[in-house]
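The block underneath contains the structure these notes are about, expressed in structure tokens.
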Amino acid sequence: MQVTPLAEIPRLGEPESAGQQEPAPGRRQRKKQLTRDALIQAAIELFVAQGYEHTAVREITDAVDVSERTFFRYFASKEDLVLSFTRDGMTAFAEELACRPPEEEPFAAARAAFLASLRRLASAEGDLPPHLTVMRLIESTPVLLAAQLRFIHDHDEEIIQALAEREGVDQATDPRPRLLASIIGATTALANRDWLTGDNQDLHALAAAFDAYADQVIPALTGHWSAPR
């Protein structure tokens, strides 16, 4: 995510100069996105510097030079701002899953959709520095870790529905979409854990970590295990 320097972000609610027309819808949307990105950047920097629980919303808005009212137009709370990364990731995955070719088997489609969602969320340089920082913040902050687990539990229906629809089954009576969604969630969590503690922390490293665990799903579920040679 490329964030515009705070000083270059237009102030929301700033009066237009005489004779200046109201910004076009596209321009307004860009201004909103710039403000949202700036709030996220300022929040992450403050959370890292002084701790999530010791950072007030007012300090975030002061850093961006906007009002607290502006903050709450974008996020319901500090927690909501942090969880926006989880929400964006789940949404991107569900959308990519819905676009996979129907001939792909469910797990292959889910695997490809996860890698495609990473590419969508990464910067042009192919890395995920804000995501990395937020994941570390969540892992080190018990209240955020609990909130993330609750969020995933409460919002996994979108992924379950996407899996059920692509296979033409009823998610209310067929356990397979829910089971596969749980496997995908566990694989993602394991990959994130390895990525956070690894030396290489770009997009390709996270994708490789996910692939390494995905390769072991079927062997782990079928037959006896043998020690690696």
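Tilt of helix 142-155 relative to the longest C-alpha principal axis of the chain, in degrees (0 to 90, nearest 10)?
70 degrees
Specify the angular offset, from 0 to 90 degrees and rounded to the nearest 10, of the alpha carbon long axis of helix 203-221 from the longest principal axis of the alpha carbons in the chain.
Between helix and principal axis, roughly 30 degrees.
For helix 78-99, report the angle its Cα long axis makes with the longest principal axis of the Cα atoms of the chain; keep it between 0 and 90° and round to the nearest 10°.
50 degrees
Among Gly185, Gly26, Gly198, determine the one that fluctuates most according to a GNM of the chain built with springs between C-alpha atoms less than 10 Å apart.
The residue that fluctuates most here is Gly26.
I need the chymotrypsin sites (Phe, Trp or Tyr not before Pro) found in the range 135-229, filtered to DSSP loop residues with at most 11 other beta carbons within 10 Å of theirs.
Here the chymotrypsin sites (Phe, Trp or Tyr not before Pro) that fit, given the DSSP loop and packing criteria, are Trp225.
Using a Förster radius of 30 Å, what is the FRET efficiency between Gln216 and Glu45 based on their Cβ-Cβ separation? Nearest 0.05, please.
0.20
Kindly provide the helix-only [θ] at 222 nm of the chain, computed as the sum of -39,500 (n - 2.57) over DSSP H runs of four or more divided by all residues, to the nearest 500 deg cm²/dmol?
Only helices count here, giving -22500 deg cm²/dmol.
For the chain, give the magnitude of the charge dipole about the Cα centre (Cβ charges: +1 Lys/Arg, -1 Asp/Glu; no others), in debye to the nearest 20.
Charge dipole of the chain: 260 debye, to the nearest 20.
Calculate log10 I(q)/I(0) of the chain for q = 0.10, 0.14, 0.15, 0.17 Å⁻¹, where I(q) comes from the Debye formula with a single equal point scatterer on each Cα and nothing for solvent.
Debye intensities relative to I(0), on a log10 scale: -0.56, -0.99, -1.09, -1.28.
Out of Thr188, Gly51, Leu221, whose Cα points farthest toward the positive end of the dipole of the chain (charges: +1 Lys, Arg; -1 Asp, Glu; placed on Cβ)?
Highest projection toward the positive end goes to Gly51.
Along the positive direction of the dipole of the chain (beta-carbon charges: Lys, Arg +1; Asp, Glu -1; about the Cα centre), which of Ala63, Leu118, Pro142 reaches farthest?
Ala63
The range 79-109: which GluC sites (Glu not before Pro) are DSSP loop and have at most 11 other beta-carbon atoms within 10 angstrom?
Filter output for the range 79-109: Glu103.
With a cap of 14 neighbouring Cβ atoms within 10 Å, and only residues DSSP puts in a loop, list the GluC sites (Glu not before Pro) found in the range 109-188.
Answer by residue number: Glu125.
Would you work out the relative contact order for the range 25-75, in percent, from Cα pairs under 8 angstrom that are 6 or more residues apart?
About 31 percent, as a whole number.
Every number in this text was worked out from the coordinates using simple rules, so none of it is lab data. Note that the structure is predicted; figures quoted are calculated from it, not measured. As a convention, Cβ positions derive from the backbone with ideal geometry for all residues, glycine included, and neighbour counts pool all protein chains shown.
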